[in-house]
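Asker: This is the structure I have questions about; it appears just below.
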Amino acid sequence: MSKVGKVPITIPDGVKVDVARTAITVEGKHGRLAQDYRPDLVKIKVDAGVAIVSRCKDGKHYRACHGLYRSLLANMVRGVSDRWEKALLVKGAGYRARLKGDTLTLDLGYSNPIEYPLPDGVEAELPNPNEIIIRGIDKQAVGQVAAEIRALRKPNVYSGKGVRYKDEQVLHKAGKLGGQGAG
């Protein structure tokens, strides 16, 4: 049995899970998500506030999909009840972020500011100009947006300037200590 797949998913109050022939629909207070699945590989049963994913046969591909669909369903349930969130820090002299409607404007040391349009279903909050909080119901979309924003100016290992995740540890390298022209 898959370690991930065998764990039942608790469905909180206010969340409705509907399993159709080839799709799962999860609806909650923050929105609605849908995901296709393969009924020839796994069976999804929902009753009494608990969803259980089981595989049809035993085999490598069946075991892989068992854990996959269980994780996807658990992420959907959590997303519609409590939204997913990623926090980013913008570090550097003159580096900052601004939000105008659905467009995030970033000053990252380039000659022009970078405008990043936020996709549907993903929103941003700026508690201060050096912190960005990305929120949404779809875990994949929130992670993708955060990764794309971070890729605009990755953290420099020498100075630490750039965009990083809030919990990310950036190892600092020592600069040139000796050699020609030193001392």
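FYI, it's all coordinate maths here, none of it is from the lab. Computed from a predicted structure; not experimentally measured. Counting neighbours? That spans all protein chains shown, and the Cβs are built from the backbone with ideal geometry, glycine included.
Asker: Tell me, Kirkwood radius of the chain from alpha-carbon pair distances, in Å?
Answerer: On the way: mean 1/r = 0.0522 Å⁻¹.
Hydrodynamic radius (Kirkwood, Cα only) of the chain equals 19.1 Å.
Asker: At a Förster radius of 45 Å, what calculated FRET efficiency corresponds to the Cβ-Cβ distance of Asp13 and Ala174, to the nearest 0.05?
Answerer: Once the sixth-power term is evaluated, E becomes 0.25.
Asker: Would you pull out the residues with amide H under 5 Å of Lys161's amide H, same chain only if 5 or more places away, H placed 1.01 Å from N?
Answerer: Those qualifying (amide H under 5 Å, at least 5 residues apart or on another chain) are Asn156.
Asker: Any chance you could give the angle, 0 to 90 degrees and rounded to 10, that helix 60-81 forms with the longest Cα principal axis of the chain?
Answerer: Tilt relative to the chain: about 70 degrees.
Asker: While we're on this one: Going by alpha carbons, how many degrees (0 to 90, nearest 10) lie between the helix axis of 139-151 and the longest principal axis of the chain?
Answerer: 10 degrees
Asker: Follow-up. Compactness ratio of segment 84-165: Cα Rg over 2.2 N^0.38 Å, N = residue count?
Answerer: 1.01
Asker: In whole Hz and in residue order, list the ³J(HN,Hα) couplings for segment 32-40 that follow from phi through the Karplus curve 6.51 cos²θ - 1.76 cosθ + 1.60, θ = phi - 60°; x for Gly and Pro.
Answerer: So the J values, rounded to whole Hz, are 9, 10, 10, 9, 6, 9, 9, x, 7.
Asker: Related question: Relative contact order of segment 76-159, please, whole-number percent, based on alpha carbon pairs below 8 angstrom and at least 6 residues apart.
Answerer: Contact order relative to length: 33 percent.
Asker: With the Cα gyration tensor of segment 1-40 in hand, convert its eigenvalues to equivalent ellipsoid semi-axes via √(5λ) and list them largest first in whole Å. Kindly include the intermediate steps, with their values, before the conclusion.
Answerer: Values: eigenvalues 79, 50, 11 Å².
Listed largest to smallest, the semi-axes of segment 1-40 are 20, 16, 7 Å.
Asker: Helix-only estimate, please: 222 nm mean residue ellipticity of the chain, summing -39500 (n - 2.57) across DSSP H runs of length 4 or more and dividing by its residues, to the nearest 500.
Answerer: After summing the helix terms and dividing by the residues of the chain, the value is -6500 deg cm²/dmol.
Asker: Now a separate question. Compute the whole-percent fraction of alpha carbon pairs in segment 9-81 spaced more than 21 Å apart.
Answerer: So the portion of pairs separated by more than 21 Å is 20 percent.
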